Structure formats: C-alpha cells, structure tokens
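*Asks:* What follows is a single structure, and I will ask about it in a moment.
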Amino acid sequence: MTTVVVVRKNGQVALAADTLVTFGDTRLKHRFEDNSKIFALDTPAGTTYVGMAGTVAHFPVLRKSLAAMAPEQRLFGSKDEIFDTFSRLHPVLKDTFFLQTKEDDNDPYESSQFSVLLANPAGIFGLYSYREVFEFKEFWGIGSGRSFALGAMHAAYGRAKTAREIAQAGVDAGCEFDRNSEGPVNLFTLKLKADK
C-alpha cells in the first residue's frame, strides 16, 4: 500500500506520497526502482497532479489512459468534471486494459478499483472506486498510512503556514508508522487560482 496526501492552505495546494512499493511480504524501495506514485497532466484547469493508492498495476494503466485522452477531455476543474472524465475513462479501462470491475456481489456499480487524489489550481479532490468524487477544504489521505497521515496533518494544520509543510508532516507520519510506506517523499505544490 502507500501513504498519499493532499492539502490546501493559504492559496497553495500540495500532493505528496511515499515511494515504497510492496508485493505481499516483499518491499521494493526507491533505491532499487523509481517508484513515483504521482504523475502530472496538462489539463484545462492547469497542471494536475495525480496520486494513487492500490495495486501497482493501476499506476501505468491510469497514467497511460489519461495521457491518451485529448487534453480538452481531461477535465479536473470541479467535482462534476472529474466525475465525467473518469466516467468516460471507465469503459477504456475495461476494454483496453482488462480491468476487473467486481469487488463484491452487492456492488451498486462497476468498480474502477482505485483510490486517487488530485491537486490542481482549482483545488484538491479525491476519487474512489465507484467514481465518487470529493472536494476537500483542508486535507485528506489515502492508502495504508492514511490514518497516521490524517492525524499528523490535523495536528499541523493550525500552526503550519503552507500546504507543503502539512503534506510533508502527513507523509512523514505514514512513513514512520505504516509498514507499507517509506521515503523518500515526492511532494508537489501549486498555487490556487482563487482560494474559496
């Protein structure tokens, strides 16, 4: 698993993640492979950073499938735009990349099987397996280290001046206490277009 966090504060957004990959009991550290869990896309909303948690197979599939979309179709400026973009992407994931869409017999919808955090000049967002989208006001985390990260970011949010500081504290806590998270940390920041 992983620790991925997204933060918004004082006109800045940040997305950060650890760099450890695990395969069952095997740990593939950054020393042996460039394990970035974040990638950037050019979108009408501006540069959008995308961070993921879940199976390693999701990383190249999501990166390649989003990059293959026309830039004007990669809309990430609001909850509705993100929902529409990933709804258009879902059939591609199934037909081109053979995504298994079933998680449980009682699934209300086909699952996309991943958790994603996004940061761009429009804000910070989370996307989950049934394409449910959240726009966060302060911070959030995903992955196996999220509980540690959420606690650290909650403690830091009132005293820290920047989104970067809070995101660093979150992933550092995940790396310290979650056995499936380890540095170095990848961290990216952007300015918000307008602080809502």
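The values are calculated or read from the model by the stated rules, or taken from the named source; none is laboratory data. Quick caveat, the model's predicted, so the values are computed rather than measured. Using ideal geometry, Cβ is built from the backbone for each residue, glycine included, and neighbour counts are taken over all protein chains shown. Note: accessible area is taken over every heavy atom of the protein model, side chains too, but ligands, DNA and RNA are not part of it. Shrake-Rupley method; radii C 1.70, N 1.55, O 1.52, S 1.80 Å.
*Asks:* How many of the residues making up the stretch 111-129 are in a loop (DSSP other than H, G, I, E, B), at pLDDT below 95 and on the phi < 0 side of the Ramachandran plot?
*Replies:* 5
*Asks:* Is one or more of the residues making up the stretch 115-123 free of Cβ contacts under 8 Å to residues at least 40 places away in the same chain and in contact with a Gly (Cβ under 9 Å, 6 or more places away or on another chain)?
*Replies:* No, the conditions are met nowhere in the stretch 115-123.
*Asks:* Right, next: What residue, among those in the stretch 160-179 that are farther than 16 Å from Ile38 by Cβ and out of contact with any helix residue (DSSP H, G or I) (no Cβ under 9 Å at 6 or more places or on another chain), is modelled with the lowest pLDDT?
*Replies:* Only one residue tops the list, namely Arg179.
*Asks:* Could you tell me whether the stretch 4-27 includes any residue that is open to solvent by less than 10 Å² (accessible area, probe 1.4 Å), of a type outside the set (A, V, I, L, M, F, W, C) and more than 25 Å from Ala149 (Cβ to Cβ)?
*Replies:* The answer is no, given that none of the residues of the stretch 4-27 is open to solvent by less than 10 Å² (accessible area, probe 1.4 Å), of a type outside the set (A, V, I, L, M, F, W, C) and more than 25 Å from Ala149 (Cβ to Cβ).
*Asks:* I've got another one for you. Of all residues in the stretch 130-159, how many are out of contact with any strand residue (DSSP E or B) (no Cβ under 9 Å at 6 or more places or on another chain) and either in a loop (DSSP other than H, G, I, E, B) or basic (Lys, Arg) (or both)?
*Replies:* Matching residues across the stretch 130-159 total 4.
*Asks:* Across the stretch 1-29, which residue is modelled with the highest pLDDT among those that are out of contact with any strand residue (DSSP E or B) (no Cβ under 9 Å at 6 or more places or on another chain) and not acidic (Asp, Glu)?
*Replies:* Among residues in the stretch 1-29 that are out of contact with any strand residue (DSSP E or B) (no Cβ under 9 Å at 6 or more places or on another chain) and not acidic (Asp, Glu), the one modelled with the highest pLDDT is Asn10.
*Asks:* How many of the residues making up the stretch 27-79 are touching a residue at least 40 places away in the same chain (Cβ under 8 Å), over 18 Å from Gly143 (Cβ atoms) and outside any strand (DSSP E or B)?
*Replies:* 5
*Asks:* Taking the stretch 16-56, which residues are within 24 Å of Ala70 (Cα to Cα) and not β-branched (Val, Ile, Thr)?
*Replies:* Correct list: Ser36, Lys37, Phe39, Ala40, Leu41, Asp42, Pro44, Ala45, Gly46, Tyr49, Gly51, Met52.
*Asks:* Right, next: Tell me whether the stretch 92-100 contains one or more residues that are over 30 Å from Leu192 (Cα atoms), among the acidic types (Asp, Glu) and in a helix (DSSP H, G or I).
*Replies:* Checked the stretch 92-100: at least one residue is over 30 Å from Leu192 (Cα atoms), among the acidic types (Asp, Glu) and in a helix (DSSP H, G or I).
*Asks:* Here's a follow-up. Within the group Ala160, Ala149, Ala194, Ala167, which residue is open to solvent by less than 60 Å² (accessible area, probe 1.4 Å), more than 24 Å from Phe86 (Cβ to Cβ) and out of contact with any His (no Cβ under 8 Å at 6 or more places or on another chain)?
*Replies:* Criteria check complete, one pass: Ala160.
*Asks:* Restricting to the stretch 152-196, name every residue that is among the acidic types (Asp, Glu) and touching a Cys at 6+ places or on another chain (Cβ under 7 Å).
*Replies:* Matches in the stretch 152-196: Glu182 only.
*Asks:* Here is a follow-up. Among (1) within 23 Å of Gly183 (Cα to Cα); (2) β-branched (Val, Ile, Thr); (3) in contact with a Gly (Cβ under 8 Å, 6 or more places away or on another chain), which single condition is Thr26 missing?
*Replies:* Single failed check for Thr26: (3).
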